[in-house]
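Structure, as structure tokens:
The values are calculated or read from the model by the stated rules, or taken from the named source; none is laboratory data. Please read these numbers as outputs of a predicted model, since none were measured by experiment. Note that we place each Cβ from the backbone using ideal geometry, even for glycine, and neighbour counts take in every protein chain shown. The area values use the complete protein model at the heavy-atom level, side chains included, leaving out ligands, DNA and RNA. Shrake-Rupley method; radii C 1.70, N 1.55, O 1.52, S 1.80 Å.
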Amino acid sequence: MRRFNFGTVMLVVLILTAFCVLPAGVMAAGKMLKIAIVAPSASNDLAFTQSIVDGINAVKKERPIDLAVTDGTFVVEDAAAAIRDYAKKGYDLVIAHGSQYGGSLKEIAKDFPKTAFAWGTSADTFGLPNVSSYEAASDEGGFVMGMMAAALSKKGSIGVVGPIEVGDAKLFVDGFVAGAKAQNPKIKANVNYIGSFSDVALAAEAARAHMAVGADVLTGTAQMVVGAIGAARSKGVAWFGTQADQTELAPEIVVACQVYKWEVILRQILADMDNGILGGKKYAITLANDGLMIEFNPKYKLPDTVTKIGKKAVMDIKSGKIKPLK
Amino acid sequence: MSDLINTTIIIATVASGIRLATPFLLASLGESIGQRSGVLNLGVDGVMLLGAFAAYYTVLKTGNLFLGIMIGLILGALIGLFYAFITVNLQAQQGVSGIGIYLFGLGMSDLLFQKLVGTPRPIMPFRILHIPLLSDIPIIGEMFFDHSLIVYVAFLLVPLLSLIINRTTYGMNIRAIGENPEAADSLGVSVGGIRYSALIIGNMLAGLAGAALAIELGIFQHNLTNAMGFIAIALVYFGAWRPLGVMAGSLVFGVVAAIVLQCKTLGLIPRSASDLAAMAPAIITILALVVVANRFRQPTALTKPYVRGG
Amino acid sequence: MNNLKTKMISWTIPSCAVLAALIIGAIMLSALGANPIKGFGTMFASAFGNLDGLASTAVKSIPLLLVGIGICIAFRASVINIGGEGQMVMGALLATIMALAFPGLPAIIFIPLVLLVGLIGGAAWGAIPGALKAYFNVSEILSTIMLNIVAVQFMNFMLRGPLIDPGEIERGTRIPQTARLPEATDLPLLLEGARMHLGFLIAVLAAVAAWILLWRTSLGFRLRSVGLNPAAARYAGIPVKRSIIMALAISGAMAGLAGAILVFGSESHRMVTDGSSTGFTGSAGFNGIVVALFAGLHPLWSIPSALLFGGMLVGANALQRAVQVPSALIIALNGLIVVFVVSSEYFKRRVQTVQTDPKVQKTVSDSDKNQESDNLKD
């Protein structure tokens, strides 16, 4: 076995020093608002992380924002380090976009009372004046699409592919199943949490397992569902999407998607910051505040009756006539 | 009626297990050839990821599945060539250089994907290939002969490789240099040459495994393989370096995973226990090996660089 | 002979390898439209350039070092432990359970207690593949990889179920994490104003202890003998089976300790899962193998080796933040550095042997043997 002596390692360090040049100075000062996002998956994942990046980019059209994104940060401690680093570098708003980051944020936010933090999805600000929380009432869109799915299913059997039974995923799945049962109490709604946010192959097989027991409408949530969508597409089984518009993944089978418009609440957070309020509030995007939108795929030939059921459900939830999980 | 549903479900589950087993099978067959010649490659997962991205990107740009598979194979061959150079000529420590290859593949495939593709875009996956007569056999036909071409290729490779390793001079040479390179060398077998070829073939199969995975799923994503390559290495040990054994290992792993998945779908496993159920493939693979009481030992020269006169 | 010259060369060659990899990295950075000098500058400055950076690097290197130490011991006994990830998880879980079970203890007892429990958890999880190998001839490569999967799912089960923060159930959010652990278990910070905690000191002490174990105790001698030649060891009356289990248990213990330190030294002071082991360990269970091999399986050399790789990881994250280059680039670059440096050893050996005796031309294998006997003497 070869040995690298201490000298070698030191020399390597020295070489690295040779590359050391002081990083460029502080960003030019101005009215520019500096916002940082720390998120667990890729910023173009067509799911959870993309939704928040799209949200900021929408707000960016309205006011000057300097946006920095640290994506793919599934290691919780790395995320904590990134959040702390952004705060230290003087970012005005640091968004911790992952419910698993909350424990870390709770400790970090105390050290930076002049920095605004936002944490989602969650409904807990830890009682700190500089932390806002945000969540999506994804059960609402789930409920609407569940109703449509039950109405669309010819065999009376639908399937759900989930990651782990937590947070946003659980809310959506519970809403979807409740909606399906509300539309057709006899519906068979099988739910399969595959135990992973990343195993695309397993998600594909989970979708096939649903189809094998007769499901003719499928849905799923989190970034690994791209596999499930592919499997559904190969059998021509209808798909309902969530978190982002997944139509381009399978234009033939995607019926509708629940799309997150975080800009709705981001505007409120930024407006508060303009007035010197750094947090302490809880926000949620809902169908009623247009933070959640059901986007139909125009290419999918959905029976009018089903479209009507969906649109009516949206109205009923907006007006408070239907409360999905109550 | 309920009888009928049960048969359908059993068929679907076995078929699903076969599909899940396929990438493992291809990758472990490849790894076993390299190991048979005395070279350990811990970088399988990295090769799979690069093969997967290369095939995905090719199909995305050209729409040609065959070309995608070819690019996956060629990429595997190139990595095999490089790996052979560093392990045979430069006699690099095999365990750690393999991990280097893994890290390179993991990072590079992700980087290329983010820069060249960005948002996941679908590609057309393999079509199901019905085999006349065989596909029509009730039950058996649906279980075993209702797959895409790549699945048949993977399983046909098992007897083929078995034949090559056990019955041909080339196979004999591979085994000889994996057991006793000095003796083989003295008989005029080119140890370096055979190791080069074994590593190139082995890594081609790893590249193919990745390509098959990406095309079967019709998508690429960061870390698409989810550490499949490491499980494939484990299955080589399960299969005692024999193609048939490797196939058995891949099938046990794949079919158990499929059964667990199907049980969860049917609600037979309570959701609170679903994590525990997901342990099953791993535990059963270990137990199977305990019960079978593995009496095979690994190739003697495994991980040892060969130096003439050493 | 010209000792200084030989030494110079033995340092220069691996450094050239790193330089070559960095040049490739620089080309890739330029291709991505980033200034390579600024990029690498940011990396280095953020990892080693100031107190904060050094602290982050030190903290990042703790699990790498501990797993690496375990790997040194296991590999020297010819046992391939790829189960660091699972052993970290199990150590962390057991330690967390302990911390939740006895909330009232004072820090001075509590911290050693939970770390010890973490160590035991890892040791137990490591002993399983050891026993499977010793008594059932099940390859530890197979069993450790499979047991990683089992450990991750067990963690998910425990954090979603029995160990979940009761507040998560009340709020209905069900984030799979424990409640905040008792403050008495927080690892104290070693420096005012920087986030380096006691864990680093423990890891360094563990490295020294491992060195003593390997070269100053009879157990260490037995482990190394089994590694060098199991048949001879058996003949000499060394209990080979027990040594194999011991090697994997010690290796697992180090990983378990690493897992426990990750929990009690974390920002959140709780255990949380994203469903994967990487989300918790940051792949330290694998990267620790590289650290150990880079250090020539020597526990003390593992310290600078771990700091180097820890610094690289810290730098990679900073690079992403500073120039918005995907950190995937650094993972790829890391891989290249490993491959290049391992390959460059060949040239080092050649130059060294030629230096020592120009007439010897079959060279490399001889230097192999020399090196091995060197290691034994250490």
> Which of the helices in chain B meet the span-like rule: DSSP H, Cα axial reach of 27 Å or more, Kyte-Doolittle mean at least -0.5?
Replying inline: B:2-36, B:65-84, B:191-217, B:243-265
>> Over the range B:1-109, what portion of Cα pair distances is larger than 18 Å, expressed as a whole percent?
In response: 59
> Using a simple charge model, +1 on the beta-carbon of Lys and Arg, -1 on the beta-carbon of Asp and Glu, nothing else, what dipole does chain B show about its Cα centre, in debye to the nearest 20?
Replying inline: 400
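Return the carbon/sulfur percentage of the accessible area of the protein assembly as shown, one whole number, probe 1.4 Å, all protein chains in place.
Percent of accessible area from carbon and sulfur atoms in the protein assembly as shown: 65.
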> Between chains C and A, what is the buried accessible area in Å², counting both sides, with a 1.4 Å probe and ligands, DNA and RNA left out, to the nearest 100?
Replying inline: 5400
> What residues have an amide H closer than 5 Å to that of C:ASP165, excluding those fewer than 5 places away on the same chain, when H is modeled at 1.01 Å from N in the peptide plane?
Replying inline: C:GLN177, C:THR178, C:ALA179
> What order do you get for A:39-47, A:279-287 when each peptide is scored by the mean count of other beta carbon atoms within 10 Å, highest first?
Replying inline: A:39-47, A:279-287
> In square nanometres, what is one fourth of the surface area of the convex hull spanned by the alpha carbons of chain A?
Replying inline: 21.5
> Scaled to the compact-protein estimate 2.2 N^0.38 Å, what is the alpha-carbon radius of gyration of the protein assembly as shown, rounded to two decimal places?
Replying inline: 0.92
>> Loop-only trypsin sites (Lys or Arg not before Pro) in the range C:161-205, please: DSSP not H, G, I, E or B, and at most 16 other Cβ atoms within 10 Å.
In response: C:ARG180
>> Within 11 Å, Cβ to Cβ, of A:SER51, how many net charges do the neighbouring residues add up to if Lys/Arg are +1 and Asp/Glu are -1?
In response: -4
> Got a sec? Charge dipole of chain A, +1 on Cβ for Lys and Arg, -1 for Asp and Glu; which of A:ALA284, A:GLN258, A:GLY102 is way out at the positive end?
Replying inline: A:GLN258
> Which value in nm describes the separation of the simple spin-label points at C:VAL208 and B:ASN166, placed 7 Å from the Cα toward the beta carbon?
Replying inline: 5.8
> Computed on protein heavy atoms with a 1.4 Å probe, what is the summed buried accessible area for the chain pair C and B, in Å² to the nearest 100?
Replying inline: 4000
> So, with +1 on the Cβ of K and R and -1 on the Cβ of D and E, and no other charges, what is the size of the charge dipole of the range C:109-176 about its Cα centre, to the nearest 20 debye?
Replying inline: 80
> For the range B:64-113, which residues drop by 50 square angstrom or more in accessible area between the chain on its own and all protein chains together (1.4 Å probe)?
Replying inline: B:LEU90, B:GLN91, B:GLN93, B:VAL96, B:ILE99, B:LEU103, B:PHE104, B:LEU111
> So what's the back-of-envelope 222 nm ellipticity for chain C, counting only DSSP H runs of four-plus at -39500 (n - 2.57) apiece and dividing by all residues, rounded to 500?
Replying inline: -25500 deg cm²/dmol
> Which Cα, out of B:VAL39, B:THR225, B:LEU289, lies furthest along the positive dipole direction of chain B (beta carbon charges, K/R +1, D/E -1)?
Replying inline: B:VAL39
> Roughly how crowded by other chains is peptide C:313-326, in terms of the mean Cβ count from those chains within 10 Å of each of its Cβ atoms?
Replying inline: 5
> Taking 0.36 nm per intervening residue step and subtracting the Cα-Cα distance, what contour gain separates B:LEU244 from B:VAL292 on full extension?
Replying inline: 15.9 nm
> Efficiency by 1/(1 + (r/R0)^6): what FRET value for A:LYS181 and A:GLU248, r their Cβ-Cβ distance, R0 = 35 Å, to the nearest 0.05?
Replying inline: 0.70
> Which of B:GLY95, B:GLY188, B:GLY254 moves the most in a Gaussian network model of chain B with Cα springs under 10 Å?
Replying inline: B:GLY188
> What does the convex hull of the Cα atoms of the range B:218-310 come to per residue, in Å³, rounded to a whole number?
Replying inline: 172
> Which distance in nm do the two modelled labels at B:THR8 and B:ASP136 give, with both placed 7 Å along the Cα-to-Cβ direction?
Replying inline: 2.3
> Which peptide among B:171-182, C:285-296, C:81-92 comes first, and what is the full order, when sorted by highest mean count of other Cβ atoms within 10 Å?
Replying inline: C:81-92, C:285-296, B:171-182
>> Using a loss threshold of 40 Å², tell me which positions in the range B:211-241 are less accessible in the complex than in their chain alone. Probe radius 1.4 Å, ligands and nucleic acids ignored.
In response: B:LEU217, B:ILE219, B:GLN221, B:ASN226, B:PHE230, B:ALA234, B:TYR237
> How well do other chains shield peptide C:274-286, expressed as the mean number of their Cβ atoms within 10 Å of each residue Cβ?
Replying inline: 6
> What size of dipole, in debye to the nearest 20, comes out for the range C:73-208 about its Cα centre when the only charges are +1 on Lys and Arg C-beta atoms and -1 on Asp and Glu C-beta atoms?
Replying inline: 260
> Given the C-alpha centroids of the range A:251-309 and the range C:180-227, what is the distance between them in whole angstrom?
Replying inline: 50
> To the nearest 0.05, what FRET efficiency results for B:LEU156 and B:LYS304 with a Förster distance of 45 Å applied to their C-beta separation?
Replying inline: 0.85
>> Just to be sure I understand: if you take the accessible area of chain B alone plus chain A alone and subtract the pair, with a 1.4 Å probe, what total do you get in Å², rounded to 100?
In response: 2800
> Roughly how many Å² is the accessible area per residue of the protein assembly as shown, as a whole number, for a 1.4 Å probe?
Replying inline: 36
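Across peptide C:342-351, how many C-beta atoms of other chains are within 10 Å of each residue C-beta, on average?
Partner-chain Cβ atoms within 10 Å, mean over residues of C:342-351: 5.
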> Could you give the alpha-carbon Rg of the range B:127-228 over 2.2 N^0.38 Å, rounded to two decimals?
Replying inline: 1.45
> When the Kirkwood hydrodynamic radius is evaluated over all pairs of different C-alpha atoms of the range A:204-326, what value in angstrom, to one decimal, is obtained?
Replying inline: 16.4
> Given the C-alpha centroids of the range B:195-214 and the range B:219-241, what is the distance between them in whole angstrom?
Replying inline: 12
>> Applying a 10 Å radius around every beta-carbon, put A:248-260, C:229-241 in order of their mean neighbour count, most first.
In response: A:248-260, C:229-241
> Looking at C:ALA179, C:ILE212, C:PRO304, which one has the Cα that reaches farthest to the positive end of the dipole of the range C:60-322 (charges on Cβ: Lys, Arg +1; Asp, Glu -1)?
Replying inline: C:ILE212
> Beyond 26 Å, what percent of the Cα pairs of the range C:60-322 remain?
Replying inline: 39
> Among A:ARG267, A:ARG233, A:ARG63, whose mean-square fluctuation peaks in a Gaussian network model of chain A (Cα, cutoff 10 Å)?
Replying inline: A:ARG63
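Rounded to a whole number of µm²/s, how large is the Stokes-Einstein D of the range C:104-254 at 10 °C and 1.306 mPa s, given Rh as the Kirkwood radius over C-alpha pairs?
For the chosen part, D equals 86 µm²/s.
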